[in-house]
Structure formats: structure tokens, C-alpha cells
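Participant: Have a look at the structure that comes next, please.
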Amino acid sequence: MRSLLRRALLAWLALMAPAALAEVPTVAAASDLQFALTEAAERFQDETGHELRLNFGSSGNFRRQIAQGAPFDLYLSADEAYVLALHEEGRTVDEGVVYAVGRLAWLQHPDRGDLPLDGDPLAGVRDAIDDHRNEQGRPRIALANPEHAPYGVAARQALEHAGLWEASAPLRILGENVSQAARFALADEARGGLVAWSLALAPALAERSEHVLIPETWHAPLVQRMALIEGAGETARGFYAWLQQPSARDILAAYGFRLPDEGDLP
């Protein structure tokens, strides 16, 4: 009898396991949120007891995957255009909401020379170009791939604004996303890189790097939007709502994001 009950229990657990796993929503989030959203998800779990599965990557790659039917429940993009396009295609519940505006920063290891000044934040790029011409130093410059990463687009625009895009071509190392670009920026062969300010502020990077902000007028605004994917469950909906509350907004602000009601959004 005991053996029979044991077999029945095991059969029940086997049936329930897939359903239990399905209740943990999968979040597709831009890489600039790697530290901020991880902290927010931990706070959400502490407050509600609900777990989340976080996937970080380039916004453009996630946009393509969701359009192809990838099983995500919530999408936080670093470029609102990707969310709006998915809504037009019927992939999201609605147009979603703007949750933050990001900033671009020059990031470098402390022993790579003087940190550029606020008035000339891309001086390190010119230094790298000069080093390359003189065949000396650490001339590589890191940025996210502009083909699918919003911060890569902003980096290109900033370099174009400063007249350095063409000259920096042989020096550029492209990260698949801005988080990878930040790792490249601190590598031995790099002078530095253009990355998300939110990553530069994260303790894990801040303790071994230094940075200077790029003026917002040097690139298109990094307006970041999130939306629920069609079919999202209750936990994903709860997290989406929670991200719009003061607890989450305080976390985003601590990582340098401008919040939707802080002045006029672009």
C-alpha cells in the first residue's frame, strides 16, 4: 500500500512540475538593466514571494525573438521603438509604458591615463586614435553593436557628433550588447568604451573603473519602454505594475535613470 501511494505521489509531482515551472515568468530585459533590474526582482520576490526568470541582452535581438514567438512574458527595451513595433504586430498587450530614460557614459580602467573632462568626454577616443597612428598604447575602443543595441546607436551618434566615427573605425570592439561592451572597455587592450551610465554606477564595475557622462544632446534620447507580451500571466503582470511603483523607481533612479515624471521626456 505504501509503495502504491509513493508511486502515485511521484506521478502527481511529475505532472505538476511543468505547470509549476510555467508559473515563473521570463523577462527579456535590455543589458543596461543588468544590475538595476536584478535588484528590483530580488525586492519584488522578497515582497511577494513570486520568482522571476531574467534574461539580459540587446533590445534589438529580443525584439526579433519576440516577433518570432519566443516565450517571454515581459519585455523591457532600451529603445521604445522596438516595443511600439511589437505592439503594431499584435505581440504585446498594449503600447506599454516608458519606465526610464538612459544616459551614455565613457568608461575606462583607472590606469588608462587621465579621465576625460566633462567638457571633452571623448578625449580618450582621440588619445586612442593618436596611439594607433603611433603604434603604441592600448588603442581599442568598446561600444555595443549599433545594428541591434540602442546604446551602440547612441555611441555611434556621439562619435559622429565629435567627428570621430570614421577615424575610430579600426579601433572599435563591438559588444553583442552594452553589458559586454562594458567588459570590453575594461579589458587590457582597451583605452575605454561608450556604455550605459547605469552599468558604470553599479558597484561591481564602479570599484574598478571611472567614467564621465556624455552630453545628452550628442545622441538621440534613450527612451526606454516596457510592455507585457500577449498571454503573460499574473506574476508578470504583477511585476509590470510593481516596476511603476516607488520601490522600483527608487532603484532605477539610484542607477542613474531619469524617471518619466522628472521634467519633460523627449
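The values are calculated or read from the model by the stated rules, or taken from the named source; none is laboratory data. Remember, predicted model here, so these are calculated numbers, not experimental data. Heads up, the Cβs are rebuilt from the backbone with ideal geometry, glycines too, and the neighbour counts pull from every protein chain shown. Accessible surface is based on the protein model in full, side chains and every heavy atom, while ligands, DNA and RNA are left aside. Shrake-Rupley method; radii C 1.70, N 1.55, O 1.52, S 1.80 Å.
Participant: Out of the residues in the range 151-177 meeting the condition of being open to solvent by less than 10 Å² (accessible area, probe 1.4 Å) and within 18 Å of the chain's Cα centre (by Cα), tell me which one is nearest to Pro221 (Cα to Cα).
Facilitator: Among those residues, the one meeting the criterion is Ala154.
Here is a yes/no grid of residues against (1) free of Cβ contacts under 8 Å to residues at least 40 places away in the same chain; (2) under 16 Å from the mean Cα position of the chain (by Cα):
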{"site": "Ser77", "(1), (2)": "no, yes"}
{"site": "Val83", "(1), (2)": "no, yes"}
{"site": "Leu86", "(1), (2)": "no, no"}
{"site": "Gly90", "(1), (2)": "no, no"}
{"site": "Asp94", "(1), (2)": "no, no"}
{"site": "Ala100", "(1), (2)": "no, yes"}
{"site": "Leu107", "(1), (2)": "no, yes"}
{"site": "Leu115", "(1), (2)": "no, no"}
{"site": "Gly119", "(1), (2)": "yes, no"}
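Participant: While we're on this one: Those residues that are surrounded by fewer than 17 Cβ atoms within 10 Å (Cβ to Cβ) and closer than 17 Å to His161 by Cβ, I need them from the range 205-215; list them, please.
Facilitator: Leu213, Pro215
Participant: Within the range 99-112, is even one residue open to solvent by less than 60 Å² (accessible area, probe 1.4 Å), touching a Gly at 6+ places or on another chain (Cβ under 6 Å) and polar (S, T, N, Q)?
Facilitator: yes
Participant: How do the strands (runs of 3 or more DSSP E) wholly within the range 127-215 filter down when requiring 1 or more residues that are in contact with a Pro (Cβ under 7 Å, 6 or more places away or on another chain): which remain?
Facilitator: Qualifying strands (runs of 3 or more DSSP E): 190-196, 210-213.
Participant: Related question: Can you tell me which residue among Ala241, Ala202, Ala220, Ala232 is at pLDDT 95 or above, within 27 Å of Gly163 (Cα to Cα) and small (Gly, Ala, Ser)?
Facilitator: Being at pLDDT 95 or above, within 27 Å of Gly163 (Cα to Cα) and small (Gly, Ala, Ser) holds for just one of Ala241, Ala202, Ala220, Ala232, which is Ala220.
Participant: Still on this model: Take the residues in the range 244-259 that are of a type outside the set (Gly, Ala, Ser) and open to solvent by less than 40 Å² (accessible area, probe 1.4 Å); name whichever of them is modelled with the lowest pLDDT.
Facilitator: Step by step, filter the range 244-259, then rank; the result is Leu259.
Participant: Farther than 20 Å from Ile229 by Cα, outside any strand (DSSP E or B) and at pLDDT 95 or above: which single residue out of Phe35, Phe72 fits that description?
Facilitator: Phe35
Participant: Assess whether Ala40 counts as being closer than 23 Å to Pro203 by Cα and either part of a helix (DSSP H, G or I) or at pLDDT 95 or above (or both).
Facilitator: Yes.
Participant: Shifting gears a bit: For the list (1) part of a strand (DSSP E or B); (2) surrounded by 16 or more Cβ atoms within 10 Å (Cβ to Cβ), I need the number of the one condition that Tyr82 fails.
Facilitator: Only one criterion in (1) part of a strand (DSSP E or B); (2) surrounded by 16 or more Cβ atoms within 10 Å (Cβ to Cβ) is unmet by Tyr82, namely (1).
Participant: Still on this model: Taking only the range 178-199 into account, find how many residues are open to solvent by 30 Å² or more (accessible area, probe 1.4 Å) and modelled with pLDDT of 95 or more.
Facilitator: 4
Participant: Checking the conditions here, which among Gly60, Gly49 is of a type in the set (Gly, Ala, Ser) and either open to solvent by less than 20 Å² (accessible area, probe 1.4 Å) or on the phi < 0 side of the Ramachandran plot (or both)?
Facilitator: So the residue among Gly60, Gly49 that is of a type in the set (Gly, Ala, Ser) and either open to solvent by less than 20 Å² (accessible area, probe 1.4 Å) or on the phi < 0 side of the Ramachandran plot (or both) is Gly60.
Participant: Considering only residues that are touching a residue at least 40 places away in the same chain (Cβ under 8 Å) and out of contact with any strand residue (DSSP E or B) (no Cβ under 7 Å at 6 or more places or on another chain), which ones fall in the range 160-182?
Facilitator: His161, Ala162, Leu164, Glu176, Gln180
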